[in-house]
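The next block holds one structure in the form of structure tokens; read it before the comments.
The values are calculated or read from the model by the stated rules, or taken from the named source; none is laboratory data. All values derive from a computational prediction rather than experimental measurement. Neighbour counts run over all protein chains shown; Cβ positions are idealised from the backbone, glycine included.
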Amino acid sequence: MSISKLSDLADPVKTPRIVFKIGSSLLVEKSGDLRNVWLNSLAGEISEARKRGQEVIVVSSGAVALGAARLGLEKGGRGSLADKQAAAAVGQIALSGLWAQLLSQYGLVAAQLLLTLEDLEYRRRYLNASATIGRLLKAGTVPIVNENDSIATNELRFGDNDRLAARVAQAGQAQAIALFSDVDGLFDRDPKHPDANLLERIKGVTEDHHQMASGASSSGVGTGGMSSKLLAVEIAERAGISLAILNGLEDQPFRNAIESDTGTLFLPRRHDTARKAWLGGRQRMRGTLIVDTGCAGALVDGGSLLAAGITEVQGNFQRGQPVAIKNEEGKKIAQGMVEYDREDVEKIMGHTSEEQEELLGYSPRSAVVHRDQLVVL
């Protein structure tokens with residue numbers, strides 16, 4: 001049974017496991033004060049979901065905002081990387097204690113899990129994170145997940161918790177994600193425009209949808225906007241996970257959205273295998289391969305990436321590392337694990353398999369990126 005409408009997110013049969021993503025602007029006021037009444041109502045909703053038979057994973061922002069308020073840091077703790085890391089170190093203690101207190105009122109145990117980008121980019125570490133989430137849920141806890149901003153650098157971080165939520169949903173084998181925002185969902189234009197229309201159901205994010213999105217966070221507290229949410233959708237929809245953008249400003253936001261049937265529900269457009277879903281969700285590429293039109297078409301049709309179709313090599317990568325694959329117009333069409341170091345790809349690009357052995361000095365592999373290690377985006 002698959003999810004087809006918002007109310008299915010509250011159905012323990014169709015959605016036995018769900019991720020709630022809470023942004024900083026919903027958890028903390030601009031003044032740095034907590035939205036205590038709202039938080040208590042959300043904790044109650046998590047308890048209600050558990051009573052229905054659903055397991056809940058919470059991806060919670062707020063550590064930097066809380067820590068900045070306690071340290072008196074300017075710009076919400078985002079004035080520099082050092083400020084942000086210091087704010088996160090202080091705020092994370094407050095955030096974990098907050099969730100533990102909120103959930104304990106309902107007899108629930110909170111568990112803290114801090115992740116970095118690399119924890120979900122490297123396969124072994126990803127599987128370890130997945131196993132930990134599974135064990136915590138089996139033990140009856142509510143995992144509270146956040147990016148480990150106290151050690152993450154600008155180069156090695158998610159950048160927003162929307163994409164983290166999508167990756168956590170993958171690792172946690174959830175069926176759905178509820179992204180709580182400060183608007184009702186995705187509109188076909190600026191929500192403030194009088195003729196703006198809410199898009200209720202979407203199957204497959206397109207470039208038109210990205211054009212509708214704004215990259216700014218209206219609160220001034222968080223780091224994400226509608227654009228980051230659509231990037232999270234693209235990760236989720238390839239992994240067979242439904243994602244809903246819901247208005248989180250009012251108390252009991254999940255119940256309000258379900259009962260009023262208000263929000264944007266993104267339905268999966270395919271169900272990749274677990275490994276391919278992980279590959280498709282990877283964000284840090286080590287290089288880029290530019291391919292010609294014929295090769296791009298072959299990839300879309302399910303083929304492997306052959307050297308003959310490569311026209312340009314960018315970046316510095318080694319065998320087994322992830323690379324992006326772009327067409328001649330510069331659009332990213334796929335990504336996967338490369339079978340050669342950069343130097344060898346440069347030697348054989350544009351050449352047939354018969355020519356490659358002489359160029360390499362050894363028998364060539366079947367493909368530069370095999371279709372089993374490649375995901376079309």
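In this structure, is Ile258 under 19 Å from the mean Cα position of the chain (by Cα), over 23 Å from Arg189 (Cα atoms) and touching a residue at least 60 places away in the same chain (Cβ under 8 Å)?
no
Here are some conditions: (1) crowded, with 23+ Cβ neighbours inside 10 Å; (2) at pLDDT below 95; (3) of a type outside the set (S, T, N, Q). Leu265 meets all but one. Which one does it not meet?
(2)
Within region 171-196, restricting attention to residues that are touching a residue at least 40 places away in the same chain (Cβ under 8 Å) and of a type in the set (Asp, Glu), which residue is farthest from Tyr126 (Cα to Cα)?
Top of the filtered list is Asp184.
Say whether the condition of being at pLDDT 95 or above and polar (S, T, N, Q) is met by at least one residue in region 192-203.
Checking region 192-203: not a single residue is at pLDDT 95 or above and polar (S, T, N, Q).
Kindly indicate the residue of region 276-298 that is assigned to a helix (DSSP H, G or I) and free of Cβ contacts under 8 Å to residues at least 40 places away in the same chain and also surrounded by the most Cβ atoms within 10 Å (Cβ to Cβ) among those meeting that condition.
The residue in question is Cys295.
Tell me which residues, restricted to region 299-312, are surrounded by fewer than 20 Cβ atoms within 10 Å (Cβ to Cβ), modelled with pLDDT of 95 or more and among the hydrophobic types (A, V, I, L, M, F, W, C).
Residue satisfying the conditions is Ala308 alone.
Would you check if there is a residue in region 136-153 being assigned by TED's automatic domain parsing to the domain that holds Leu26, among the basic types (Lys, Arg) and either closer than 25 Å to Ser228 by Cβ or touching a Ser or Thr at 6+ places or on another chain (Cβ under 9 Å) (or both)?
Within region 136-153 (the criterion being assigned by TED's automatic domain parsing to the domain that holds Leu26, among the basic types (Lys, Arg) and either closer than 25 Å to Ser228 by Cβ or touching a Ser or Thr at 6+ places or on another chain (Cβ under 9 Å) (or both)), the answer is no, since none of the residues qualifies.
Looking at the structure I just gave you, is Asp149 assigned to a loop (DSSP other than H, G, I, E, B), within 17 Å of the chain's Cα centre (by Cα) and surrounded by 18 or more Cβ atoms within 10 Å (Cβ to Cβ)?
Here the answer is yes, as Asp149 does meet what is asked.
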